[in-house]
1. Which residue pairs have Cβ atoms closer than 7 Å, lie 6 or more positions apart in sequence or on different chains, and pair a first residue in segment 404-427 that is of a type in the set (Ser, Thr, Tyr) with a second residue that is not in a loop (DSSP other than H, G, I, E, B)?
2. Just checking, does segment 240-250 include any residue being within 15 Å of the ligand (Cβ to nearest atom), at pLDDT 90 or above and buried (at least 16 other Cβ atoms within 10 Å of the Cβ)?
3. All but one of (1) crowded, with 17+ Cβ neighbours inside 10 Å; (2) modelled with pLDDT of 95 or more hold for residue 380; state the number of the condition that does not hold.
4. Would you kindly identify the helices (runs of 4 or more DSSP H) lying entirely within segment 76-153 that contain at least 3 residues that are within 19 Å of the chain's Cα centre (by Cα), within 16 Å of the ligand (Cβ to nearest atom) and surrounded by 18 or more Cβ atoms within 10 Å (Cβ to Cβ)?
5. Please work out which one of (1) out of contact with any Leu (no Cβ under 7 Å at 6 or more places or on another chain); (2) of a type outside the set (A, V, I, L, M, F, W, C); (3) surrounded by fewer than 16 Cβ atoms within 10 Å (Cβ to Cβ) is the condition residue 220 fails and give its number.
6. Does residue 112 satisfy the condition of being at pLDDT below 95, in contact with a helix residue (DSSP H, G or I) (Cβ under 8 Å, 6 or more places away or on another chain) and farther than 18 Å from residue 309 by Cβ?
7. Given the residues 47, 62, 42, which is the only one that is closer than 25 Å to residue 273 by Cα and either outside any helix (DSSP H, G or I) or under 25 Å from the mean Cα position of the chain (by Cα) (or both)?
Amino acid sequence: MEKYGSLEWKEVITPAIELAEKGFKLNKRRADSFNRLKKRFERGTEEFFRIFSKPDGSQFKEGDIFIQKDLAGSLRMIAEDGSQAFYKGQIAEFIAQDMKKHGGLVTKEDLGKYQAFVRKPVTGTYQGYHIISMPPPSSGGTILIEMLNILEGFDLGQRQRYAPETLHLIAETMKFAYLDRAQYMGDSDFSEIPVELLTSKSHAEDIRGKIDLIKATPSTIMGEEILTIEKAKETTHFSVIDNEGVAVATTYTLNGGYGSGVVAEGTGILLNNEMDDFNMKPGYTDDKGLIGTRPNLIEPHKRMLSSMTPTIITKDGQVYMITGSPGGRTIINTVLNVVINVIGFKMPIQDAVNAPRMNHEWMPDSLRLEREGIPEESIESLIAMGHKIRESSRWRQGDAHSILIDPKTGLYYGAADKRSRGSAIGY
Ligand code: DON
């Protein structure tokens, strides 16, 4: 922000300080969510419950004003002293003390050594558009570009969006790409990640050659060599563009809803449960989706493998689209759905965002579909092709707030995802 932004650092943080200090009105969904926390977080800390419950023990209601004084204090320190306040100053002190109190491992020294890196994005092309997205330690950009490369060879524009053959090709593309994710991806500061190979057109061609056009290949057969058989949510994505065309795609994550259920005393800041994004059991990869491959095993100072896929797409050097989503491993597939809807299937941005999505992560070998809007016959055909459809009428995938810039008129079209409460706003 300090490096690329056109506004003063303090000015950007001020609205957040005001929201924390003066509070905001809870909507019903948020009030209900707060009221469920006692049940969800057996190991939530006292400070967590002090903040996310009412002093008299009563329930939150829609319209209640939620104030976070400590958080406002922390944000003010960050507004004054920048990231130093968090990693080296008073906030670091508070976090370290809280860690000590609860048997946590993070020290003030660890925080002081932490460094955020500016990395070169991963890039590719899809039908003449230039794709710019998140590099390792996220798998997002790499796997998105791999899937777009595979699908480019199947000419989606000639196909019907929800015909069984189309859905089949997309599902098989997801499976092969997610197998590569499991096999090869992790923190590039710790092992060689073959990003160039995975995002190459020739790798996509190899994979197209492996896709059976009429039959689903079981995931177990595809990933035989790594199988050793026998995951709550809190990520936010927003897309922004200013009047000069400076575009930002931001995805940030606490991982699970309310992170670890721990607020470092004095800070008002929720601590994440990001360790969950590492591969937990070395060498153990199963058909339930547990992955134990080497590149993403836990090591000191290593960053866990993310799926965040904040993406900017340009055409002829001009920003064309900005997108991204929350949703853990489903994120990459959500972004894929939106991008192919716009570029492959020529849908207007709002329709592309709202259209039913699908998700396959190689393992578990199950295809999830947002069923409303997908013809029943297509689903029956997919089952006949061998796809294992995971039934859930409530499956809602992602929250892909996106912007499209009409290259002819230069107009900005903001599309909030119908699945959640966001909105598209112009100033
Ligand atoms: O970085 C990641 O991929 C995960 N920590 C994201 C988790 C997530 O999206 C949960 N929210 N919906």
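1. Listed by first residue and then by second, the contacts come to 412/241; 412/403; 412/405; 413/349; 413/403; 413/404.
2. Taking segment 240-250 first, the residues within 15 Å of the ligand (Cβ to nearest atom) are 249-250.
Okay, now just the ones that are also at pLDDT 90 or above, so 249-250.
Right, trim to buried (at least 16 other Cβ atoms within 10 Å of the Cβ) and you get 249.
So far as segment 240-250 goes, yes, one or more of its residues are within 15 Å of the ligand (Cβ to nearest atom), at pLDDT 90 or above and buried (at least 16 other Cβ atoms within 10 Å of the Cβ).
3. Failed condition: (1).
4. Working: elements: 83-87, 90-101, 108-113, 140-152.
Fully inside segment 76-153 and qualifying: 140-152.
5. (1)
6. Working: at pLDDT below 95: no; in contact with a helix residue (DSSP H, G or I) (Cβ under 8 Å, 6 or more places away or on another chain): yes; farther than 18 Å from residue 309 by Cβ: yes.
Taking the combined requirement at face value, the residue does not satisfy it.
7. On the way: 47 fails: either outside any helix (DSSP H, G or I) or under 25 Å from the mean Cα position of the chain (by Cα) (or both); 62 fails: closer than 25 Å to residue 273 by Cα.
Unique residue meeting the criteria: 42.
Quick grid of which residues meet (1) out of contact with any strand residue (DSSP E or B) (no Cβ under 7 Å at 6 or more places or on another chain); (2) away from the ligand (no atom under 11 Å from the Cβ); (3) at pLDDT 95 or above:
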site	(1), (2), (3)
280	yes, yes, no
297	no, yes, yes
308	no, no, yes
314	no, yes, yes
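The values are calculated or read from the model by the stated rules, or taken from the named source; none is laboratory data. The structure presented is a predicted model; accordingly, all values stated were derived computationally and were not measured. FYI the Cβ positions are ideal-geometry reconstructions off the backbone, even for glycines, and counts take in every protein chain you see.
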